[in-house]
Amino acid sequence: MKAIFYNQFGKSEDVLIYGEQEKPVANPGEVLIKMATSAVNPSDVKKRSGLTLPQLLDNGPIIPHSDGAGVIEAVGTGVDNTCVGERVWVYNAQHKRAFGTAAEYLALPLALAPTLPESAGFDVGACLGIPAMTAHRCVNAEGPVTDKTLLITGGAGRVGNYAIQFAKLGGAKVIASAGSAQSKEDCLAAGADLVIPHPNADTVAEIMDFTEGKGVDHVVEGDFSANIESILEGIRVGGVICSYASMSNMNPTIPFYRMMYRDLTLRLVFLYELPGAAMQLAIDDINTALQNDLLIHRVAKHLPLEQAAQAHQLIESGHPRGCVILNTAFT
């Protein structure tokens, strides 16, 4: 089968290879999927560059990417063969595994391949894993958000934009932060009630004004180190901070006593290791939203599978407003 793979870490143009790899077979409990799409996420870029999980190459070449979509072609023992022909979206495909979605075929456990509703395209299916499931967890990890006010930083980002939508579906008021006029429009289109510049002394005043001096109940945070000081000025006593990244400083200092004195809950969200119940809740809510056409999905770029290096470069540029998707010949 055709696939993208790498044998060493480095720049995408230097290490990503488009070529032949052995077609996998479905082991017990697995399904074999004919892939239509493969999404490139920031975590895939970090893995390929060697920033995270350097042990990945210990056992040979890596086929990258966690997210994608396709059709079940065969099943392993223990899996009901009535699911053959079913359209599915894929998540966590390359977590603790060498073989991800950037290939014509993929074998993996059935639990990692939820049904893709007929109303959703394969490109939408590729958008759902890391961005949508992370957003769902960040919004819902501490229970219902009905009538709460959430601050979602980086609301125009892939996770942030889905977080706005899940918060609104949950009955919350949403303040989102954005760094440009276009990003503000993206946040408003997703349903944000108020869009402010990224957290600083001035935006804290806007937050407090919007919440009538109470502060926000819950924060979905995309750069913990950069924003924590301002957030502490705009969150209520007993509030919740759910953070999924801290890219400006991957080893941030935590203002422990300031947080303790406000009786805050800090939850760090890492999709790959979510409890099974949380993953299933996210899957169920995502598919219900898909069936009812309740979510906006932003696809920034479609490229053929062989142009994976260009797709990685687009993600590294920080410019895509949405998901960068590779299409197989099947698409």
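Data table
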quantity: Dipole moment magnitude, nearest 20 debye, the range 197-331 about Cα centre, only Lys, Arg, Asp, Glu C-beta charged; calculated: 180
quantity: Interchain or long-range residues, amide H under 5 Å from Gly121's placed H; calculated: none
quantity: Crossing angle, helix 308-317 versus the chain [Cα axis fit, 0-90 degrees, rounded to tens]; calculated: 10
quantity: Likely footprinting exposure, His198, His65, His319, fewest C-beta neighbours within 10 Å first; calculated: His319, His198, His65
quantity: The chain shape via C-alpha gyration tensor axes, a/c threshold 1.5; calculated: prolate
quantity: Candidate lysines for bridging to Lys148, where Cα separation is under 28 Å - those fewer than 8 sequence places away on the same chain excluded; calculated: Lys168, Lys173, Lys184, Lys214
quantity: Cα centre as origin, Lys/Arg/Asp/Glu Cβ charges: the range 142-268 dipole, Debye; calculated: 280
quantity: Within the chain, helix-based [θ] at 222 nm, where runs of 4 or more DSSP H residues each add -39,500 (n - 2.57), nearest 500; calculated: -8500 deg cm²/dmol
quantity: Residue among Asp80, Asp284, Asp217 with the largest mean-square fluctuation in a Gaussian network model of the chain, springs linking Cα atoms under 10 Å; calculated: Asp80
quantity: Under Karplus coefficients 6.51, -1.76 and 1.60, residue-wise ³J(HN,Hα) of the range 113-128 in Hz, glycine/proline x; calculated: 9, x, 4, 9, x, 4, 6, 9, x, 5, 5, 4, x, 6, 7, 8
quantity: Per-residue ³J(HN,Hα) for the range 323-328, Karplus 6.51 cos²θ - 1.76 cosθ + 1.60, θ = phi - 60°, Hz, x for Gly and Pro; calculated: 7, 9, 10, 9, 10, 7
quantity: Global geometry of the range 232-323, whether rounded, prolate or oblate, following the gyration tensor of its Cα atoms and the 1.5 cut on a/c; calculated: oblate
quantity: GNM result for the chain, Cα springs below 10 Å: residue of Thr146, Thr115, Thr101 fluctuating most strongly; calculated: Thr146
quantity: Amide H within-cut-off set for Glu73, under 5 Å, with H built and near neighbours excluded; calculated: Leu32, Ile33, Lys34, Gly85
quantity: Point-charge dipole on Cβ atoms (K/R +1, D/E -1) for the chain, about Cα centre, debye to 20; calculated: 280
quantity: Estimated distance in nm for a label pair at His302 and Asn81, the labels positioned 7 Å out from Cα along Cα-to-Cβ; calculated: 3.4
quantity: Most mobile of Ala226, Ala39, Ala156 in a GNM of the chain (Cα contacts under 10 Å); calculated: Ala226
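Where a number appears in this text, it was derived from the coordinates with a stated rule and is not lab data. For clarity, every value in this text was computed on a predicted model and none was experimentally measured. Using ideal geometry, Cβ is built from the backbone for each residue, glycine included, and neighbour counts are taken over all protein chains shown.
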